[in-house]
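Below is one structure, written out as structure tokens; the observations come after it.
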Number of protein chains: 2
Amino acid sequence: MGSSTPFWQALESAETGTQRPLEEALDALAFNEAGLIPAIAQQHDTGEVLMMAWMNREALETSIQERRACYWSRSRNRLWRKGESSGQVQQLYSIHTDCDGDTLLLKVDQQGAACHTGRRDCFYVALTETHAEVDQSPLVDPNTLYGNP
Amino acid sequence: MGSSTPFWQALESAETGTQRPLEEALDALAFNEAGLIPAIAQQHDTGEVLMMAWMNREALETSIQERRACYWSRSRNRLWRKGESSGQVQQLYSIHTDCDGDTLLLKVDQQGAACHTGRRDCFYVALTETHAEVDQSPLVDPNTLYGNP
């Protein structure tokens with residue numbers, strides 16, 4: 001948690017069902033100095049945490065409007081509709097923000113593999129007291145995801 | 001995803017069971033300019049995403065050694081053993097890093113409420129096309145968590 005603003009502080013003790021206009025909430029989100037906020041994608045029914053990526057305000061608004069996850073690609077420096085090249089679309093079920101408005105949680109229906117390596121999710125390297133260990137195999141060959149020969 | 005380094009790229013196509021020394025993995029993690037990496041905490045059995053916080057290398061090493069979640073508090077600027085004041089400890093089951101080493105996923109056993117508001121998790125403000133809406137009630141009065149009168 002970082003420091004919270006009055007908008008989020010007022011909701012801490014608000015009753016369930018309390019509403020605010022979406023615009024006010026978007027204005028209060030704690031985008032970082034690059035204009036980005038971390039977004040966790042979770043499979044809506046199984047609870048698998050699939051990946052974490054970043055959104056700017058445009059990506060978030062696009063996700064809400066199009067009901068599919070849209071991120072900001074930091075490596076390509078542009079809007080990234082998840083699955084636009086791989087077909088591995090994330091249909092959006094819900095978006096929540098956390099108590100201080102600096103993280104988003106998306107519940108999605110992930111088609112196929114979330115990870116660019118062809119694995120179901122991105123969290124396949126376990127850290128133990130002595131080792132890092134790969135503990136998940138690809139579902140699909142990543143070369144087939146991106147149309148490489 | 002950000003840009004990946006050779007350490008993580010080499011693991012992308014590695015077989016399940018491939019190991020690297022922990023130190024090499026920690027050296028390769030993509031801590032940000034403040035020396036921090038985002039860490040998602042998930043309840044190990046139900047799959048609930050409880051919260052997202054930040055770790056520096058010391059917090060991560062402490063978490064691995066003590067088998068409980070330890071974060072870096074950005075507001076207090078110090079190591080934060082989750083539950084040290086509230087009693088809401090997170091016993092650690094596993095830690096994974098993602099494909100490019102810039103996010104951690106912790107599976108934990110959360111005692112009571114993860115959120116400082118007394119709610120089970122921090123993601124209690126839903127964003128819809130028109131509104132932000134509080135959709136989760138506290139499990140406990142937050143004043144009882146922190147010993148306030």
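The values are calculated or read from the model by the stated rules, or taken from the named source; none is laboratory data. All of these numbers come straight from a predicted model, not from anything done at the bench. Note that each Cβ is placed from the backbone with ideal geometry, even for glycine, and that neighbours are counted across all protein chains shown. Just so you know, the surface numbers come from the protein's heavy atoms only, side chains and all, with ligands and any DNA or RNA stripped out. Shrake-Rupley method; radii C 1.70, N 1.55, O 1.52, S 1.80 Å.
Sparsely packed loop sites in segment B:1-89 (the trypsin sites (Lys or Arg not before Pro) outside DSSP H, G, I, E and B with at most 14 other Cβ atoms within 10 Å) comprise B:Arg67, B:Arg76. When only the Cβ of Lys, Arg, Asp and Glu is charged (+1, +1, -1, -1), the dipole of the protein assembly as shown relative to its Cα centre reaches about 140 debye. Note on exposure: B:Ser13, A:Ser63 ranked by accessible area (1.4 Å probe, complete protein assembly) read B:Ser13, A:Ser63, with the most exposed listed first.
Simple rule: put +1 on each Lys or Arg Cβ and -1 on each Asp or Glu Cβ in the protein assembly as shown, find the dipole, and look at B:Ala41, B:Pro6, B:Thr16; the Cα lying farthest toward the positive end is B:Pro6. The phi torsions of segment A:59-73, fed into the Karplus equation with coefficients 6.51, -1.76 and 1.60 and a -60° offset, translate into couplings of 5, 5, 5, 5, 4, 5, 5, 8, 6, 9, 6, 10, 10, 9, 7 Hz, rounded to whole numbers, with Gly and Pro shown as x.
Across the copies of the chain, B:Glu129 has label points (7 Å from Cα along Cα→Cβ) spaced 5.4 nm apart, shortest distance listed first. Placing pseudo-labels 7 Å out from each Cα toward the beta carbon at A:Ser75 and B:Thr130 gives an inter-label distance of 4.1 nm.
Entry note, segment A:6-112: relative contact order of 26 percent, from Cα contacts under 8 Å with a spacing of 6+ residues. When only the Cβ of Lys, Arg, Asp and Glu is charged (+1, +1, -1, -1), the dipole of chain A relative to its Cα centre reaches about 620 debye.
Karplus-derived 3J(HN,Hα) values for segment B:75-86, using 6.51 cos²θ - 1.76 cosθ + 1.60 with θ = phi - 60°, are 6, 9, 6, 7, 4, 9, 6, 3, x, 4, 9, 8 Hz; glycine and proline are entered as x. Summary of the geometry: segment A:32-84 and segment B:1-78, compared by the centres of their Cα atoms, lie 20 Å apart.
Quick one: grab the alpha carbon gyration tensor of the protein assembly as shown, order the square roots of its eigenvalues as a ≥ b ≥ c, and give me rounded if a/c is under 1.5, else prolate or oblate depending on whether a/b is larger than b/c. Oblate, because a/c is 1.5 or more while a/b does not exceed b/c. Distance from the B-onto-A rotation axis is smallest for the Cβ of the chain B residue given, in whole Å, as B:Gly47, 1.
Under the shape rule built on the C-alpha gyration tensor, where the axes satisfy a ≥ b ≥ c, segment A:3-55 is oblate, since a/c reaches at least 1.5 while a/b does not exceed b/c.
Using a Gaussian network model of chain B in which every pair of alpha carbons under 10 angstrom is joined by a spring, one finds that among B:Leu50, B:Leu36, B:Leu127 the greatest mean-square fluctuation is at B:Leu127.
Here B:Lys107 is the anchor, and the lysines within straight C-alpha reach of less than 16 Å, apart from those fewer than 8 places off in the same chain, are B:Lys82. Once you mark the GluC sites (Glu not before Pro) that are in a DSSP loop and have at most 10 other Cβ atoms within 10 Å, what is the longest gap between them in chain A? For GluC sites (Glu not before Pro) (loop position, at most 10 other Cβ atoms within 10 Å), the longest site-free span of chain A is A:34-128. Among DSSP beta bridges lying fully in the protein assembly as shown, give the percent that are antiparallel, nearest 5. Roughly 85 percent of the beta bridges in the protein assembly as shown run antiparallel, per DSSP. Taking a ≥ b ≥ c as the square roots of the eigenvalues of the alpha-carbon gyration tensor, segment B:69-146 is classed oblate because a/c is 1.5 or more while a/b is no larger than b/c. Summed over the residues of chain B and divided among them, the accessible surface reaches 42 Å² per residue at a probe radius of 1.4 Å. Placing a label point 7 Å from Cα along the Cα-to-Cβ axis, A:Gln65 is separated from the same position in the other copies by 5.1 nm, shortest listed first.
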